[in-house]
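Engineer: Structure provided below as structure tokens; questions to follow.
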Amino acid sequence: MTAVTTSSAGAARRIAGPLPPRPRRFVRYLRETGLLVGRGLRTIPRVPERLSDVTIQPIMFTLLFLYVFGSAIHVPGSYQDYLLPGLLGQSVAFGVIGAGVATSTDFSSGVVDRFRSLPVIRMSVISAQVIGQIIEQILGIVIVAGVGLGLGWRPHLGGGRAVELVALMLLGLFAFTWVGVLAGMLIHSSDAMQGIGFAVMLPLSFLAGTFVPISGMKLVPRAIAEWDPLSALVAAVRQVCQGTQSSGSLQLDHPVPATIAWCLLIIVVCVPLALRRFRTASA
């Protein structure tokens, strides 16, 4: 009986031919990353509340500050042209919260343990997390821009400035998403991650000149705001979109180079720490 089974298996192998060669590691990495990104995006229709931070929240901020506080805030030009670039910068920075919550959820729910048991490249798991979160944040930025244009925002973007804005936003998204992924791996509770994220990012956002000019703040908050990393980001987006020049500190005098420098610093610090933490958690 064993001989018959062995001969049958050998005949089946001869008919089927040799197995195809295993793809190279880089090709596997790209393929597995794409599959995991697709897996994350397919969960959105089943859990649509995941997108509340990039859909409902930006619309709420836009309407509240434009129609409730806008009449009491005096800035040169229209308040729409001041507010909307600030909200775009805030949307980039708030990617920390979304990425952190998604990462902590995957770690605490056992999804990462499931991936660990599969023959996938470990790096593809964390790459897919970063790419998926960037895609979700891009959706939020498009919504903010669309609402702003509908409410009267008129950016002054030529071809070169539009490319500069897109590049600046993508660099900011990449940097702040890695901050969120690292925080999510350190804070395993999604509720705690959301609470801590808002407790840190919301004050920094308000101090960044997103809604009111930094020059009108009192001495202590103004000193903090002038060196807030989000202040450089908001000022850079405002300068590219509207041509508005800010002042008050070295980074506000040169917001675009300062934003690039902050993002590169964040990437250099957070990416190795996140990869090390992921390898430790997966060991």
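Engineer: Taking the Cα centre as origin and putting +1 on Lys and Arg beta-carbons and -1 on Asp and Glu beta-carbons, what dipole magnitude results for the chain, to the nearest 20 debye? Could you put the intermediate results ahead of the total?
Structural biologist: Values: 22 positive and 12 negative charges, 308 e Å.
About 1480 debye.
Engineer: Still on this model: Take the Cα atoms of the range 101-248, find their three principal axes, and give me the spread along each one in whole Å, biggest first.
Structural biologist: 53, 39, 25
Engineer: Of SER247, GLY89, VAL166, which is farthest along the charge dipole of the chain in the positive direction, counting Lys and Arg as +1 and Asp and Glu as -1 at C-beta?
Structural biologist: The Cα lying farthest towards the positive end belongs to VAL166.
Engineer: Does anything in the range 259-280 have its amide N under 19 Å from the 7 Å Cα→Cβ label point of HIS188, and if so which residues?
Structural biologist: Correct set: 274-280.
Engineer: Follow-up. For the chain, what value does the Rg/Rh ratio take when both radii are computed over Cα atoms and Rh is the Kirkwood radius, given to two decimals?
Structural biologist: Numbers: Rg = 23.3 Å, Rh = 20.8 Å.
We get a ratio of 1.12 for the chain.
Engineer: Return the sequence-ordered ³J(HN,Hα) values of the range 200-207 in whole Hz as given by the Karplus equation 6.51 cos²θ - 1.76 cosθ + 1.60 applied to θ = phi - 60°, using x for Gly and Pro.
Structural biologist: 8, 6, 5, x, 4, 5, 5, 6
Engineer: Angle between the Cα long axis of helix 95-109 and the longest principal axis of the chain, 0 to 90 degrees, nearest 10?
Structural biologist: It works out to around 30 degrees.
Engineer: Related question: I'd like the Karplus ³J(HN,Hα) series for the range 177-182: coefficients 6.51, -1.76, 1.60, θ = phi - 60°, whole numbers in Hz, and an x wherever there's a Gly or Pro.
Structural biologist: Per-residue couplings from phi come out as 5, 5, 4, x, 5, 4 Hz.
Engineer: How big is the Kirkwood radius of the range 196-268, worked out from every pair of different alpha carbons and given in Å to one decimal?
Structural biologist: Working: mean 1/r = 0.0816 Å⁻¹.
Roughly 12.3 Å, rounded to one decimal.
Engineer: Now, a different point. Enumerate the calculated ³J(HN,Hα) couplings along the range 117-129 in order (Karplus 6.51 cos²θ - 1.76 cosθ + 1.60, θ = phi - 60°), each rounded to whole Hz, writing x wherever the residue is Gly or Pro.
Structural biologist: Rounded to whole hertz, the list is 7, 9, x, 10, 5, 4, 4, 5, 5, 6, 5, 5, 4.
Engineer: Which of SER104, SER189, SER249 ends up with the largest GNM mean-square fluctuation for the chain, with Cα atoms connected below 10 Å?
Structural biologist: Highest fluctuation among the options: SER249.
Engineer: Report relative contact order for the chain in percent, whole number only (criteria: Cα-Cα under 8 Å, sequence separation at least 6).
Structural biologist: On the way: 325 pairs, mean separation 68.7, N = 283.
Taking the mean separation of contacting Cα pairs over the length of the chain, I get 24 percent.
A short reminder: the numbers here are calculations on the coordinates, not readings from a lab. This structure is a prediction, so every number in the text was calculated from the model and none was measured. Cβ: placed from backbone, ideal geometry, glycine included. Neighbour counts: every protein chain shown.
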